[in-house]
Amino acid sequence: MAVIEGALNAARVAFKLIDMTKHSGEHPRMGAMDVCPFIPVQNVSMEECVQCANEFGQRLSDMLNVPVYLYGEAARKESRRSLPSVRAGEYEALPEKLKKSEWAPEYGPATFVPSWGATVTGARKFLIAYNVNLLSTKEQAHRIALDIREQGRGKDQPGLLRKVQGMGWYLEEANLAQVSTNILDFEVTPMHMVYEEICRDAKDFNLPVVGSQIVGLIPLKAMLDCADFYIQNEKLFVVEEEHKIRLVISKLGLESLGPFVPKERIIEYMVRDNQDDGGLVSLSLQKFVHSVGARTAAPGGGSVSAAIAAMGAALGCMVGQMTYGKRQFESLDAEMRKLIPPFHEAMNDLLLKVDADSTAFNSYMAALKLPKATSDEIKRYAMQEGLKAAVGVPLSLAERINTLWPVFKEMVKYGNVACKSDLQVSAKALETAVFGAYYNVIINLKDITDSSFRVATEAKVSALLKNARENANIALEAADQRK
């Protein structure tokens, strides 16, 4: 509801300040609030975003008496899924379009409101507005845009990149041209693919590419996918998230037209920084320990096991870092490049399970406290689902830890011998974390009524504990042999 109210407040301001009869510009548009998409970012489904779009559309049309169209996942007609299709002819074509029955809006009157135009709302995946800078003419930039965008030059001449819209324009304030793109699904066509394809086309025209620009916000995954491409393509060794972001900024020239500040541009960083409660992992070590020792059931053994596991993985990562890049161990650099990333990834994954365990426990407790008016069947179902979640988190913890043993043995073999004791502590920490996970699974299994689930889960977690004990002993014995 807060998101819908925020969008309506923005519309009220737009209604007061923008008069479409006096508006012109480079970018396609057909209304004062041209498009208002609802996008699932965190803990929300696409279906819920579709519901938001419909409620917003209804309320906006009631409030301002303006036409509102639905697009994207909220579209009721296939012909309206694409924003350019709905926007065809732009503001100038609206008076005639609204007279035609096929262009009747989903909400509001089929009446032209000169000062407003029309609004499009809907639900879609995260769109990345991404522009590549060229020292060229607008026409040259547009030729490249026609080559790369999915629509191409028409049905007979489709472009190269799926889920990409594009056009060329001239940015007067920067005195350069841009291939302006909308990446509609960065998991289908990632940002680096757009950049590299434009670079190839520009080279064919002997045109210089001088950086690029992200307009608005971008998901963290889109940046990390881009970093991983260059890391793999150029055989680089970069493991820290901060360094990966810096790599992308450099490779794509994202600061060519102004500073790119990750905390202000990457949506997960903005959400994280604006949250009052960052969870257990955001606490100082002292506060975390005190919270464990407090008179509360959570955080308890599950969160402690996850924290121990994360520290065990961190020690393995540390030993790799203390070996890599040192002249005396230069011959081991290639080996460390392979061994450090699995520890680094596990460290981050295991940290997430510190809060996941407490969250699962709290969900189960919430099921226990359902109102008395709740039917017994609903209560039983909620409790059983809560118990399965409480079992699932420590089980996944044990599974994740056990993926580390193959690389752990290699680290014991090749890691800096001066750090041998750190690896020994690491091995015991990882084994202890699986021990903790095992008992957290067992204590919750006894109340689960699904006997087949109970038997299968107990067998699985027992095998994981056995595997951890065996591998920890092998690693400790191997470490003892190193002098």
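The values are calculated or read from the model by the stated rules, or taken from the named source; none is laboratory data. Keep in mind the model is a prediction, meaning the values are calculated, not measured. All Cβ positions, glycine included, derive from the backbone under ideal geometry; neighbour counts span all protein chains shown.
Can you confirm whether K16 is free of Cβ contacts under 8 Å to residues at least 60 places away in the same chain and part of a loop (DSSP other than H, G, I, E, B)? It is false that K16 is free of Cβ contacts under 8 Å to residues at least 60 places away in the same chain and part of a loop (DSSP other than H, G, I, E, B).
Taking every residue in region 57-70 that is in contact (Cβ under 8 Å) with a residue 40 or more places away in the chain and pairing it with any residue that is of a type in the set (F, W, Y) and assigned to a helix (DSSP H, G or I), at least 6 positions away or on another chain, the pairs with Cβ-Cβ distances below 6 Å are L64/F15. Per the conditions (1) more than 25 Å from the chain's Cα centre (by Cα); (2) outside any loop (DSSP other than H, G, I, E, B); (3) not small (G, A, S), the sole criterion not satisfied by Y130 is (1).
Condition first: among the polar types (S, T, N, Q) and over 31 Å from the mean Cα position of the chain (by Cα). Now tell me which residues in region 422-445 satisfy that. Full working, then the answer.
Taking region 422-445 and keeping what is among the polar types (S, T, N, Q), we get 424, 426, 432, 440, 444.
Selection gives Q424, T432, N444.
A residue that is assigned to a loop (DSSP other than H, G, I, E, B), under 21 Å from A356 (Cβ atoms) and of a type in the set (D, E, K, R) occurs somewhere in region 444-456.
Condition check for D225 on (1) touching a Pro at 6+ places or on another chain (Cβ under 9 Å); (2) surrounded by 20 or more Cβ atoms within 10 Å (Cβ to Cβ); (3) of a type in the set (D, E): one failure, at (2).
Among the residues of region 183-210 satisfying the criterion of being surrounded by fewer than 19 Cβ atoms within 10 Å (Cβ to Cβ) and touching a strand residue (DSSP E or B) at 6+ places or on another chain (Cβ under 8 Å), which is nearest to V164 (Cα to Cα)?
C199
Against the conditions (1) in contact with a Pro (Cβ under 7 Å, 6 or more places away or on another chain); (2) in contact (Cβ under 8 Å) with a residue 60 or more places away in the chain; (3) within 15 Å of D62 (Cβ to Cβ), P105 satisfies every one except (2). Within region 71-84, the set of residues being within 15 Å of P105 (Cα to Cα) and either touching a residue at least 60 places away in the same chain (Cβ under 8 Å) or assigned to a helix (DSSP H, G or I) (or both) comprises E78, S79, R80, L83.
Pairing residues of region 325-352 that are outside the structural domain of M411 (by TED's automatic domain parsing) with residues that are modelled with pLDDT of 95 or more, at Cβ distances under 9 Å and at least 6 apart in sequence or on separate chains, gives no pairs at all. Of I443, I401, all but one fail to be buried (at least 17 other Cβ atoms within 10 Å of the Cβ), assigned by TED's automatic domain parsing to the domain that holds S363, out of contact with any strand residue (DSSP E or B) (no Cβ under 9 Å at 6 or more places or on another chain) and closer than 16 Å to S305 by Cβ; the exception is I401.
Quick check on S250: is it surrounded by fewer than 16 Cβ atoms within 10 Å (Cβ to Cβ) and at pLDDT 95 or above? So that I can check it myself, show each step before the final result.
Values: surrounded by fewer than 16 Cβ atoms within 10 Å (Cβ to Cβ): yes; at pLDDT 95 or above: yes.
So S250 passes the test.
Per the conditions (1) under 33 Å from the mean Cα position of the chain (by Cα); (2) assigned by TED's automatic domain parsing to the domain that holds D19; (3) in a loop (DSSP other than H, G, I, E, B), the sole criterion not satisfied by A110 is (1).
Can you say whether A88 is part of a loop (DSSP other than H, G, I, E, B), in the same structural domain as D34 (by TED's automatic domain parsing), small (G, A, S) and in contact (Cβ under 8 Å) with a residue 40 or more places away in the chain, as far as the supplied structure shows? No, not satisfied. So which residues in region 335-370 are of a type in the set (G, A, S) and modelled with pLDDT under 95, if there are any at all? The answer is A356, S358, A360, S363, A366, A367.
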